[in-house]
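Colleague: Mind having a look at this structure? Questions to follow.
Each value in this text was obtained by applying a stated rule to the coordinates, not by laboratory testing. Just so you know, these numbers come straight off a predicted model, no measurement behind them. Cβ atoms come from the backbone with ideal geometry, glycine included; neighbour counts cover every protein chain shown.
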Amino acid sequence: MNIFENVGPRLLLSLRQNNLTWNNALCELVDNSFDANAARVEINFGKSKTLEIIDDGSGCDDLLRMLTLGDHYHKRSTKLGRFGVGLKEAACWLWGDCRIDTVSRGIRRRCQIDWANMVKKDNPNVADPIESEAKEGETGTHIRFRKYQKTNPDYDNLCRELGYIFWPALKSGRQIVTSTTRRKPRIVSAWEMPPIGDIIRDKFSVNGKSVKLFVGIVKEGEENTRNGFSWCFGHRVICNNSLGARSLSTARVCGIIELGKRWELSKNKTELVDCNQDELEWEIYDRCKELLEKSSEQAEAIRNRELESEVSSDLRSMLSAQSKAKRNKGSNRSGAVEPEDSKRRHRRASKSQRGDRFLARCRLGYIRMEWKEEPDGKLGSVDLMGDVIYINPNHPRLSLHKRMGNAPAIADICMALMAYEVSETIDRGKFNGMKEYDDFNDALSSYLGGQETSEVSETIGA
């Protein structure tokens, strides 16, 4: 049979370089199985780069159309297969040798294709499928790839992705079972939505195309690995994005959007390409606007707290490294035995050098950074008694660092503010002497790249 009826064999080479992934390729094959009403799909990675996909579906009665490049094969009962290229694209991407054994309506059909050798022929053709009578009650499809030319995927990650992409099918009772030469058969677990609150449930239609919406805000402290909306069509998830949120954050939002059968998808079922997509986006936004605004505020508050904590930790770590301990003066001893160095070192000095309360508290780990709006556009201020460095979130530069989560830059500014405060207060007796000031200046200049506090003071105070 000629599977190059509509295109030339050069297409094989281009398909081989297609930007597919293991997830894409296997999803194409699992789609075919579920489209054929399979209840169970097995994915087995064997020795010598062997991959098998086995299902108990209704099989395929037209292998020619299923394999012909540039053509589509689908069953009347299909939900997704009519959009994709399925087996042929996955097979070209894997390369190597492919054998198909399928049973449909009591007839077994076998076919084998060596894609690498086929492109070398002037008139590439595949032998017609061998047909025979199947055993009573036998059904399903068995596809085997040998000597495929791709590096094996991360097995655990693959199972997680399959569990997410096909969770609608898995939740309905269908199974995907994976195995390798080193792993026992493993039933893929369906993705679980994290605990959510402020839930919105709704059903609506756009130009006669049905939509189901289920969305909420993930509870604080819970992980949200699939933030935004999971778009579902039939037995699978087609994509995960923030379409419908406009410019609002979906960092703490987790939602499911189920599309009816009239919506149009891309050929690989990874995105929505429908002419009513814009209307759909606005319908979702109108229904979720208040929730999205609340979620954005919560996400911003969480980011701010995390940034405060990171900057405060950096400050404490830097200042504690400059702490100097003072050891007790050893007493003179006499005797025949000379003392030996035990290599043990003290962990806490019984006495410490005198210094101001602020520095002592810094070294004990009390110093912290907090956001606080400041008048007159100031960078911030320092509360020596409260062990707090206040940073103005409305200052243009700090606002940029805040949005970018640039903790090191904010820590630099905190240290500069501290240097300025030290320089301004030394004459008022805040420090016990120049020794303590010099020690602190060394710490600051080390952190700020050699700039002394007096220079920082002039810069900030200018």
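Colleague: Quick one: which residues, 5 or more positions from residue 372 or on another chain, have an amide H under 5 Å from its amide H? H modelled 1.01 Å from N in the peptide plane, none for Pro or chain starts.
Modeller: So residue 372 has HN proximity to 391, 392.
Colleague: Kirkwood Rh over alpha-carbon pairs of the stretch 225-313, then Stokes-Einstein at 4 °C and 1.567 mPa s: what D in µm² s⁻¹, rounded to an integer? Walk me through the numbers on the way to the answer.
Modeller: On the way: Rh = 14.4 Å.
Answer from the Stokes-Einstein relation: 90 µm²/s.
Colleague: Return the long-range amide H neighbours of residue 228 (sequence gap of 5 or more, or a different chain), with a cut-off of under 5 Å between placed amide H atoms.
Modeller: 253, 254, 255
Colleague: Assuming R0 = 35 Å, can you tell me the calculated FRET efficiency for the pair residue 156 and residue 271, based on Cβ-Cβ distance, to the nearest 0.05? The partial results should precede the final answer.
Modeller: Values: r = 26 Å, r/R0 = 0.75.
It comes to 0.85.
Colleague: Follow-up. Find how much the distance from residue 37 to residue 409 grows on full extension, using 0.36 nm per residue of separation minus their present alpha carbon separation; answer in nm with one decimal.
Modeller: Length gained, residue 37 through residue 409: 128.2 nm.
Colleague: Apply the Karplus parameterisation 6.51 cos²θ - 1.76 cosθ + 1.60, with θ equal to phi minus 60°, to every residue of the stretch 244-250 and state each ³J(HN,Hα) to the nearest whole Hz, in sequence, with x for glycine and proline.
Modeller: Couplings: x, 8, 6, 9, 7, 6, 10 Hz.
Colleague: Still on this structure, I have one more. Can you list, largest first and rounded to whole Å, the semi-axes you get for the stretch 177-259 by taking the square root of 5 times each eigenvalue of its Cα gyration tensor? Write down the numbers at each step before the final one.
Modeller: Details: eigenvalues 151, 69, 24 Å².
The answer is 27, 19, 11 Å, longest axis first.
Colleague: Now for a different question. With only alpha-carbon atoms counted, please give the Rg and Dmax of the stretch 99-218, in Å.
Modeller: Every Cα atom of the stretch 99-218 included, Rg and Dmax give 21.6, 64 Å.
Colleague: How many nm is it between the label spots at residue 313 and residue 44, if each spot is 7 Å from the Cα in line with the beta carbon?
Modeller: 4.7
Colleague: Also, I was wondering about something else. Show me, for the stretch 288-302, the HN-Hα J-couplings you get by feeding each phi into the Karplus relation (A = 6.51, B = -1.76, C = 1.60, θ = phi - 60°), rounded to Hz, glycine and proline as x.
Modeller: So the J values, rounded to whole Hz, are 10, 4, 4, 4, 5, 5, 5, 5, 4, 5, 5, 5, 5, 5, 5.
Colleague: Related question: Could you list 318, 385 in order of exposure, starting from the residue whose Cβ has the fewest other Cβ atoms within 10 Å?
Modeller: Lowest to highest Cβ neighbour count: 385, 318.
Colleague: Which residues' amide hydrogens lie under 5 Å from the amide hydrogen of residue 265, considering only partners 5 or more residues apart or on another chain, with H built in the peptide plane?
Modeller: Close amide H contacts, sequence-distant or interchain: 273.
Colleague: Are there trypsin sites (Lys or Arg not before Pro) in the stretch 23-61 that DSSP marks as loop and that have at most 14 other Cβ atoms within 10 Å, and which are they?
Modeller: For trypsin sites (Lys or Arg not before Pro) across the stretch 23-61 that sit outside H, G, I, E and B with at most 14 neighbouring Cβ atoms in 10 Å, the list reads 47.
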